[in-house]
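Chemist: Here you go, one structure.
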Amino acid sequence: MKIKWIDNVIWFAAGGIMCLAIGLVIGFSDSARVMEERPVVSMVTRSPEVPQEVVFCGRTLDLRRYNMYEGMDRELSSFTYYHSTTMLLFKRANRYFPVIEPILQAHGVPDDFKYLAVIESHLDASATSPARAVGMWQFLESTAREYGLTVTPTVDERCHVERSTEAACHYLKAAHAKYGDWVAVALSYNAGMGRISAETDRQQVASALDLWLVEETSRYVYRMLAVKQIFEHPGKYGFVLAAENLYKPFVYEEATVAEDIPDLAAYAKERGVTYADLKRFNPWLRDTKLNVAGKRFVLHIPHREPLSYETPNRKAHDARWIVR
């Protein structure tokens, strides 16, 4: 009897908290109607607000047309309620955006294309797709070589953040020279320039966003726009982080290598780091050895002190990401 009384108290308290939460989210005038349905879950799920327009690469996109509104709504809902993954994206961005942004700027590619890397790989430098696309920018091996990346049994520069970002910039600039439209450029990164050109000619539309394409490509730009919207307004979509929640940027020394390294574990030990840390800081190292084949490579040798979170991260790359 006592246990039942305690359970009733707990459920009463939980109901009061839920009623308050619902009232804060949708307004107290509607909360009573919701509570009449006797919710059986302890959270409130509300459809995220879709902006009427967004800016992408300096161009204002009107999202009021039904297909554009619904496309944005789908991706905003997905990233908003895919909590663990989206929160991880903020954490990784604190490490990798400071690397990616200056390279985009140096090549004259709009800053918004950093969000392409976010949706392609979740900012995972070692990501591999079922189609065998690899790295943060998800290059196929043939395309990687076409844009100057080295892919050998011991080296895969698709996993080199700086080099793969430079290669992506070369592709994006070539596509922009062809289309003169950054939206079409983004779509071509997923579908290929040949497909976008063929469909544009066949369908005779003025805007790339009016093309009828396979679902994956149709969603592509809206996924970029949704991530950008959430990154620029995290609190609006329920993401509350402090600086110490974000991942520290890698700090390292550079070591130029022009000769083969037959044993990377021994090489790491000589420099006072573990083999595992050498591989994490240089994910492009594919094997237990490095064959340079007449080329020069720059290894990142981690500083030992920043590897610990005994001292929390204090630096937020974008002040909008955190609460103070």
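The values are calculated or read from the model by the stated rules, or taken from the named source; none is laboratory data. Here the structure is a predicted model, which is why all the values come from computation and not from measurement. Cβ: placed from backbone, ideal geometry, glycine included. Neighbour counts: every protein chain shown. All accessible areas refer to the heavy atoms of the entire protein, side chains included, with ligands and DNA or RNA removed. Shrake-Rupley method; radii C 1.70, N 1.55, O 1.52, S 1.80 Å.
Chemist: I'd like to compare 82-92, 147-157: which one has the highest average count of other Cβ atoms within 10 Å, and what's the full order after that?
Modeler: Values: 82-92: 15.3, 147-157: 18.3.
In decreasing order of mean packing, 82-92, 147-157 become 147-157, 82-92.
Chemist: Using r as the Cβ-Cβ distance of residue 291 and residue 162, and R0 as 35 Å, what FRET efficiency do you calculate, to the nearest 0.05?
Modeler: Computed FRET efficiency for residue 291 and residue 162 comes out at 0.95.
Chemist: With bins 10 Å wide starting at 0, give me the P(r) of the range 190-255 over every alpha carbon pair, in whole percents.
Modeler: In order of increasing distance, the bins hold 16, 29, 20, 21, 13, 1 percent.
Chemist: May I ask you to order 162-175, 196-209, 122-135 by the average number of other C-beta atoms within 10 Å around their residues, highest value first?
Modeler: Details: 162-175: 20.5, 196-209: 14.2, 122-135: 16.4.
Output ranking for 162-175, 196-209, 122-135: 162-175, 122-135, 196-209.
Chemist: Rounded to the nearest 10 degrees, what's the angle between the helix 161-179 long axis and the longest principal axis of the chain, both from Cα atoms, 0 to 90?
Modeler: Taking Cα atoms only, the helix is inclined about 80 degrees.
Chemist: Over the range 53-93, what per residue volume does the convex hull of the Cα atoms give, in whole Å³? Could the numbers behind the result be given before it?
Modeler: Numbers: hull volume 2.9 nm³, N = 41.
That works out to 70 Å³ per residue.
Chemist: Based on alpha-carbon centroids, what's the gap between the range 123-163 and the range 288-313 in Å, whole number please?
Modeler: 18 Å
Chemist: Another question, if that's okay. Run the Debye formula on the Cα coordinates of the chain, all scatterers equal and no solvent, and tell me log10 I(q)/I(0) at q = 0.08, 0.10, 0.13, 0.16 1/Å.
Modeler: -0.49, -0.72, -1.04, -1.36
Chemist: What's the Kirkwood radius of the range 75-131 in Å, using all Cα pairs?
Modeler: Numbers: mean 1/r = 0.0810 Å⁻¹.
Final number for the Kirkwood radius of the range 75-131 is 12.3 Å.
Chemist: Would you mind getting the accessible area per residue of the chain, heavy atoms of the protein chains only, 1.4 Å probe, in Å²? Present the calculation step by step, with values, prior to reporting the outcome.
Modeler: Details: 17970 Å² over 324 residues.
Value for the chain: 55 Å² per residue.
Chemist: For a protection proxy built on the mean count of beta-carbon atoms within 10 angstrom, sort 93-101, 236-244 highest first, please. Write out the running numbers ahead of the final one.
Modeler: Working: 93-101: 19.3, 236-244: 14.9.
Put in order of decreasing packing, that is 93-101, 236-244.
Chemist: Write down the Å³ per residue value for the convex hull defined by the alpha carbon atoms of the range 64-180. Please list the in-between numbers first.
Modeler: Details: hull volume 16.1 nm³, N = 117.
About 137 Å³ per residue, rounded to a whole number.
Chemist: Still on this structure, I have one more. Measure nothing but the geometry: give the 0 to 90° angle between the long axis through the Cα atoms of 215-232 and the longest principal axis through the Cα atoms of the chain, rounded to 10°.
Modeler: Once rounded, one gets 80 degrees.
Chemist: Given the DSSP H assignment, sum -39500 (n - 2.57) over each helix run of at least 4 residues in the chain and divide by its residue total; what's the result at 222 nm in deg cm²/dmol, nearest 500? Please list the in-between numbers first.
Modeler: Details: 12 runs with 160 residues, N = 324.
When only DSSP H runs of four or more count, the value is -15500 deg cm²/dmol.
Chemist: Would you mind getting me the FRET efficiency between residue 314 and residue 152? Use the beta-carbon distance for r and R0 = 41 Å, nearest 0.05. The partial results should precede the final answer.
Modeler: Working: r = 40 Å, r/R0 = 0.96.
Rounded to the nearest 0.05, the efficiency is 0.55.
Chemist: Considering only protein heavy atoms and a probe of 1.4 Å, how much of the accessible area of the chain is carbon and sulfur, as a whole percent?
Modeler: On the way: 9530 of 17970 Å².
Its accessible area is 53 percent carbon and sulfur atoms.
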